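Asker: Got a structure for you, written out below as structure tokens; questions coming shortly.
The values are calculated or read from the model by the stated rules, or taken from the named source; none is laboratory data. Since this is a predicted model, take the numbers as computed values, not measurements. Cβ: placed from backbone, ideal geometry, glycine included. Neighbour counts: every protein chain shown.
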Amino acid sequence: MKTMQTPIPSPFNAQSTATAIAAGHDLHGKVVIVTGGNSGIGFETVKTLADIGATVVVGARDLSKVEDHLTALSNVSFIPLDLADPASVDSFAQQFLQEHDTLHLLFNNAGVFRPPHFTTDKRGYEMQFGVNHLGHFQLTGLLWPALKKAGGARVIVLTSVGHRRSEVQFDDLNFERQPFDTMKAYGQSKTANILFAVELNKRGNPFGVSSFAVHPGAIKTDIFRYMSEEEIKKWSDQVREFKTTQQGAATSVWCALSEQLADIGGVYCEDCNIAELMLNDAPTPRGVRAFALDPESAARLWKLSENITGIQWP
């Protein structure tokens, strides 16, 4: 399998929708998990894949949003999941594996974005790193037997162009040596997402499991719940164009279904294509920074994550 961080001639672009990408595909008999699938682009991913026959399992905390959004959909079920709580992750995986022995598509979609104050997950790690990376690392590891059995599974890891804010600070994950900076912490977690996809693709390749890191674009969803109206307006003024939630889900769905990616993995994608590799100091908000694809950092993060979560992969 090739890891080629170079755009390809994709027939889709930033304006494409998840529904348009899914058209012509049939996922009857395929099992899918979407974390955070009860709202935003996660919900659009769930709806799109369920509409083409997939059996979709949603993992999320907010039951009220599940009742509002998911009850009308066919082929969709819900299992409670709090990625900040290792016991909840264990429970989700156990229940899923009792009902399904195969997993074809895993969307690590849920995430936390810039809480105003330093908080930790139940392991004691900074919340964004804990939820966005460690919780999904644990979940994916527990689901590994079902992914292997699919004989061609794909793992879609939601990241962000915000990864450019910070490399993984291996010597100061919890901001004990510096003042807490919520955007730097977010950037660290999003870089971790990319590094995870890089190493997972390497380890999964012999078993037919590939992985992709996805920047969905700028979409107005409840992920901005920790920002004040003034902060949201300031941020909005910097964004040239927002995507709809259907457009925001498009790159995830493209990575899951595209035949063009059959022999490619471990890459960072945006706007329904493989993104450009940018110099680390490039001012553009597009593309992926080289430090987020570094294989040595990816292997180091993997080992650290195994030690923290207790999940030892084969």
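Asker: Which residue out of 254, 235 is among the aromatic types (Phe, Trp, Tyr), at pLDDT 95 or above and assigned to a helix (DSSP H, G or I)? Step through it out loud before you land on a result.
Answerer: Values: 235 fails: at pLDDT 95 or above.
Going through 254, 235 in turn, the sole match is 254.
Asker: If the Cβ limit is 7 Å and pairs must be 6+ apart or interchain, which residue in the stretch 79-104 that is more than 15 Å from residue 125 (Cβ to Cβ) pairs with which residue that is among the charged types (D, E, K, R) and in a helix (DSSP H, G or I)?
Answerer: Note: pairs meeting the criteria are 101/149; 102/149.
Asker: Considering each residue of the stretch 62-111, count those that are in a helix (DSSP H, G or I), at pLDDT below 95 and among the aliphatic types (A, V, I, L, M), and give that number. Show your work before the answer.
Answerer: Filtering the stretch 62-111 down to residues in a helix (DSSP H, G or I) leaves 63-69, 86-99.
Next cut, at pLDDT below 95 only: 63-69.
Pick out the ones that are also among the aliphatic types (A, V, I, L, M) and you get 63, 66.
Qualifying residue count for the region: 2.
Asker: Right, something else. Specify which of the listed residues (59, 162, 152, 135) is more than 21 Å from residue 37 (Cβ to Cβ), in contact (Cβ under 8 Å) with a residue 24 or more places away in the chain, not in a loop (DSSP other than H, G, I, E, B) and not aromatic (Phe, Trp, Tyr). I'd like the intermediate steps shown before the answer.
Answerer: Values: 59 fails: more than 21 Å from residue 37 (Cβ to Cβ); 152 fails: not in a loop (DSSP other than H, G, I, E, B); 135 fails: more than 21 Å from residue 37 (Cβ to Cβ).
Sole residue among the options that is more than 21 Å from residue 37 (Cβ to Cβ), in contact (Cβ under 8 Å) with a residue 24 or more places away in the chain, not in a loop (DSSP other than H, G, I, E, B) and not aromatic (Phe, Trp, Tyr): 162.
Asker: Is the stretch 13-31 home to any residue that is closer than 15 Å to residue 139 by Cα and assigned to a loop (DSSP other than H, G, I, E, B)?
Answerer: Of the stretch 13-31, the ones closer than 15 Å to residue 139 by Cα are none.
No, there is no match, as no residue in the stretch 13-31 is closer than 15 Å to residue 139 by Cα and assigned to a loop (DSSP other than H, G, I, E, B).
Asker: Answer with yes or no whether residue 130 is part of a helix (DSSP H, G or I) and either closer than 27 Å to residue 286 by Cβ or of a type in the set (Phe, Trp, Tyr) (or both). Show your work before the answer.
Answerer: Details: part of a helix (DSSP H, G or I): yes; either closer than 27 Å to residue 286 by Cβ or of a type in the set (Phe, Trp, Tyr) (or both): no.
Taking the combined requirement at face value, the residue does not satisfy it.
Asker: Just a yes or no: is a residue in the stretch 135-142 over 16 Å from the mean Cα position of the chain (by Cα), aliphatic (A, V, I, L, M) and on the phi < 0 side of the Ramachandran plot? Full working, then the answer.
Answerer: Looking only at the stretch 135-142, we keep the residues that are over 16 Å from the mean Cα position of the chain (by Cα), and these are 142.
Now drop any that are not aliphatic (A, V, I, L, M), which leaves 142.
Then drop every residue that is not on the phi < 0 side of the Ramachandran plot, which leaves 142.
The answer is yes, given that some residue of the stretch 135-142 is over 16 Å from the mean Cα position of the chain (by Cα), aliphatic (A, V, I, L, M) and on the phi < 0 side of the Ramachandran plot.
So that you can scan it fast, the table gives a plain yes or no per residue for (1) modelled with pLDDT under 95; (2) surrounded by 15 or more Cβ atoms within 10 Å (Cβ to Cβ):
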{"position": "282", "(1), (2)": "yes, no"}
{"position": "292", "(1), (2)": "no, yes"}
{"position": "296", "(1), (2)": "no, no"}
{"position": "308", "(1), (2)": "no, yes"}
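Asker: Given 204, 217, which one is at positive phi, buried (at least 16 other Cβ atoms within 10 Å of the Cβ) and either part of a helix (DSSP H, G or I) or at pLDDT below 95 (or both)? Walk me through it before giving the result.
Answerer: On the way: 204 fails: at positive phi.
One residue alone meets the criteria, 217.
Asker: Continuing with the same structure: Kindly evaluate residue 37 against the criterion of being closer than 23 Å to residue 258 by Cβ, modelled with pLDDT under 95 and either among the β-branched types (Val, Ile, Thr) or in a loop (DSSP other than H, G, I, E, B) (or both). Break it down into steps so the answer makes sense when it comes.
Answerer: Values: closer than 23 Å to residue 258 by Cβ: yes; modelled with pLDDT under 95: yes; either among the β-branched types (Val, Ile, Thr) or in a loop (DSSP other than H, G, I, E, B) (or both): yes.
Yes; evaluated as a whole, the condition is true for this residue.
Asker: Another one. Look through the stretch 96-153, keep the residues that are more than 19 Å from residue 55 (Cβ to Cβ) and of a type in the set (Lys, Arg), and return whichever of them is surrounded by the fewest Cβ atoms within 10 Å (Cβ to Cβ).
Answerer: Among those that are more than 19 Å from residue 55 (Cβ to Cβ) and of a type in the set (Lys, Arg), it is 122.
Asker: Only residues that are of a type in the set (A, V, I, L, M, F, W, C) and more than 25 Å from residue 218 (Cα to Cα): list them for the stretch 259-314, please. Step through it out loud before you land on a result.
Answerer: Kept after step one, since they are of a type in the set (A, V, I, L, M, F, W, C), are these residues of the stretch 259-314: 261-262, 264, 267, 269, 272, 274-275, 277-279, 282, 288, 290-293, 298-299, 301-302, 304, 308, 311, 313.
Listed by number, the residues that qualify are 262, 264, 298, 299, 301, 302, 304, 308, 311, 313.
Asker: Hey, another quick one. Under the condition of being under 29 Å from residue 144 (Cα atoms) and within 20 Å of the chain's Cα centre (by Cα), which residue from the stretch 8-33 is surrounded by the fewest Cβ atoms within 10 Å (Cβ to Cβ)?
Answerer: Step by step, filter the stretch 8-33, then rank; the result is 19.
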